[in-house]
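Below: one structure, written as structure tokens.
The values are calculated or read from the model by the stated rules, or taken from the named source; none is laboratory data. Not measured: the values here are computed from a predicted model. For neighbour counting, all protein chains shown are included, and Cβ atoms are generated from backbone atoms with ideal geometry for every residue, glycine included.
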Amino acid sequence: MNKKIGSARQEPQLPATVADNETLLLTDLRILIQSARQRIATAAYSTQTLLSWHLGQRMLKENLHGARAAYGKQILVTVSRELTAEYGRGFSYPELARMVQFVQLFPEESIVVTLSQQLSWSHFHALLPIKDSLARDFYAEMCRIERWDVRTLRWKIGGLLYERTALSKKPAAVVAAEIGKLREGQLTPDLVFRDPYLLDLLGLNGAYSERDLESAILREIEGVLLELGTGFTFVARQKRMSVGRDDFHLDLLFYHRHLHRLIAVELKLESFQPAHIGQMELYLRWLDKYERLAGEEPPIGLILCSAADAEQVELLELDAKSIRVAEYLTELPPLPLLRARLQQAIAHARESAVRQMLNEGGKP
């Protein structure tokens, strides 16, 4: 009787339909587990944030500031020692002081409840040092809407995102109104576009051409989209537009999901020139006629240039033309210099806006 030596035992093969059902079952189970864990984590973060707010509110009732600041510090030291011994880490004196500051800077519980659905207590740690209340509210709402993690939030703050938005250059009342709209989920172009754009990640040094700049942007598209902001999606490079017997080519074309608009981008190595406007107007009209889909808003143009004269841009009244002008920086200046430059630009823009409102008979 012959026997096969060393033959492998054959495992029974499941029918294809059974294997497919097992795969589908595992997929569904994983989704349920991950979803539940995410809900648990979100609930835990929210509970921790609201606990910090309520603790701060309770301590604030003791009037531990102002003339009683020294007494208040002594009380907080004693309380923190007792709470740390009983409940462990997280109740040190600096942490309790942050909780009191939390309530002072975010006094409306309803707003904190909404923010806590996306922002953890660590997020608020990053927000509390911001002195400008409008900037602080801007970062909080953008963080909620765009779901930034703590690292991204700190990066946005460090990169002076608020100071670089068009919104920051508006009068304070206008900024407050726009942030109110943001709380309702309305994102406007003033919140989306910024000036300057920080493109140091492109690694461009010395002399380079517009094509080099364009190629570098596409090579580092992930980082560029992060700088542009959430909602931008890349559509085309050197978009061909036939007008009569001539062909024109737009450098870059994006689409913004939240604004529901095409964004036409022209790159200029030189300083901004008023003549650039005519070219962009042609591109926008072509896109509006041939590329705009039903339900979309009219396209917006962004002219990125190495420098721009604020007075020239202001006199051209480009908002009415749906055109934005912004500088780009391929090499970052020292942060204090950049901050001072942005603050000067903000002050100039707000003064101009107030003068215009007064000339029109309105109130600043």
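Name, by its number, the condition in (1) over 17 Å from GLY301 (Cβ atoms); (2) part of a helix (DSSP H, G or I) that does not hold for ILE217.
Evaluating ILE217 over (1) over 17 Å from GLY301 (Cβ atoms); (2) part of a helix (DSSP H, G or I) leaves (1) as the failure.
What residue, among those in the stretch 306-330 that are surrounded by 15 or more Cβ atoms within 10 Å (Cβ to Cβ) and among the polar types (S, T, N, Q), is farthest from ARG164 (Cα to Cα)?
SER322
Can you give me the ranges of the helices (runs of 4 or more DSSP H) entirely in the stretch 136-211 with at least 3 residues that are over 10 Å from the mean Cα position of the chain (by Cα) and either within 17 Å of TRP121 (Cα to Cα) or in the same structural domain as THR230 (by TED's automatic domain parsing) (or both)?
Per the criteria, 150-158.
Can you confirm whether the stretch 110-122 contains a residue that is farther than 16 Å from VAL192 by Cα, of a type in the set (Gly, Ala, Ser) and not in a helix (DSSP H, G or I)?
yes
When ARG341 is evaluated against the numbered criteria (1) among the basic types (Lys, Arg); (2) under 29 Å from LEU160 (Cα atoms); (3) in the same structural domain as LEU213 (by TED's automatic domain parsing), which criterion, by number, is the only one it fails?
(3)
State all residues of the stretch 213-241 that are surrounded by 14 or more Cβ atoms within 10 Å (Cβ to Cβ) and acidic (Asp, Glu); if no residue qualifies, say none.
GLU214, GLU220, GLU227
Tally up the residues in the stretch 111-168 that are in contact (Cβ under 8 Å) with a residue 40 or more places away in the chain and acidic (Asp, Glu), please.
4
Are any residues in the stretch 242-258 surrounded by fewer than 19 Cβ atoms within 10 Å (Cβ to Cβ) and touching a residue at least 24 places away in the same chain (Cβ under 8 Å), and if so, which ones?
Correct list: VAL243, PHE248, ARG257, HIS258.
Between ARG98, ARG68, ARG58, ARG39, which is at pLDDT 90 or above, in a helix (DSSP H, G or I) and basic (Lys, Arg)?
The unique qualifying residue is ARG98.
Select from the stretch 260-276 the residues that are in a loop (DSSP other than H, G, I, E, B) and surrounded by fewer than 19 Cβ atoms within 10 Å (Cβ to Cβ) and write down the one among them that is nearest to the chain's Cα centre (by Cα).
Here the answer is HIS260.
I'm trying to understand the selection: among the residues of the stretch 313-340, which are among the hydrophobic types (A, V, I, L, M, F, W, C), over 23 Å from GLU210 (Cα atoms) and within 22 Å of the chain's Cα centre (by Cα)?
Correct list: LEU335, LEU338, ALA340.
Could you check the stretch 182-212 and list, in sequence order, the residues that are touching a residue at least 12 places away in the same chain (Cβ under 8 Å) and on the phi > 0 side of the Ramachandran plot?
GLY185, GLY203
Might you let me know whether the stretch 96-103 holds any residue that is closer than 29 Å to LEU337 by Cβ, surrounded by fewer than 20 Cβ atoms within 10 Å (Cβ to Cβ), touching a helix residue (DSSP H, G or I) at 6+ places or on another chain (Cβ under 9 Å) and not β-branched (Val, Ile, Thr)?
no
Could you please tell me which pairs satisfy a Cβ distance under 9 Å, a separation of 6+ or placement on different chains, a first residue in the stretch 42-53 that is closer than 19 Å to TRP148 by Cα and of a type in the set (Gly, Ala, Ser), and a second residue that is at pLDDT 90 or above and assigned to a helix (DSSP H, G or I)?
SER46/VAL113
Restricting the search to the stretch 238-278, which residues are of a type in the set (Lys, Arg) and within 22 Å of ALA207 (Cα to Cα)?
The answer is LYS268, and nothing else.
Tell me the residue from GLN48, GLN74 that is over 19 Å from the mean Cα position of the chain (by Cα) and within 26 Å of ARG183 (Cβ to Cβ), please.
GLN48
Within the stretch 225-237, does at least one residue satisfy the condition of being part of a strand (DSSP E or B) and among the small types (Gly, Ala, Ser)?
Yes, the conditions are met somewhere in the stretch 225-237.
Within the stretch 277-297, identify whether any single residue is at pLDDT 80 or above, under 25 Å from the mean Cα position of the chain (by Cα), surrounded by fewer than 17 Cβ atoms within 10 Å (Cβ to Cβ) and closer than 19 Å to VAL175 by Cβ, and answer yes or no.
No, the stretch 277-297 contains no residue that is at pLDDT 80 or above, under 25 Å from the mean Cα position of the chain (by Cα), surrounded by fewer than 17 Cβ atoms within 10 Å (Cβ to Cβ) and closer than 19 Å to VAL175 by Cβ.
Within the stretch 330-337, is even one residue modelled with pLDDT under 75 and part of a helix (DSSP H, G or I)?
Checked the stretch 330-337: at least one residue is modelled with pLDDT under 75 and part of a helix (DSSP H, G or I).
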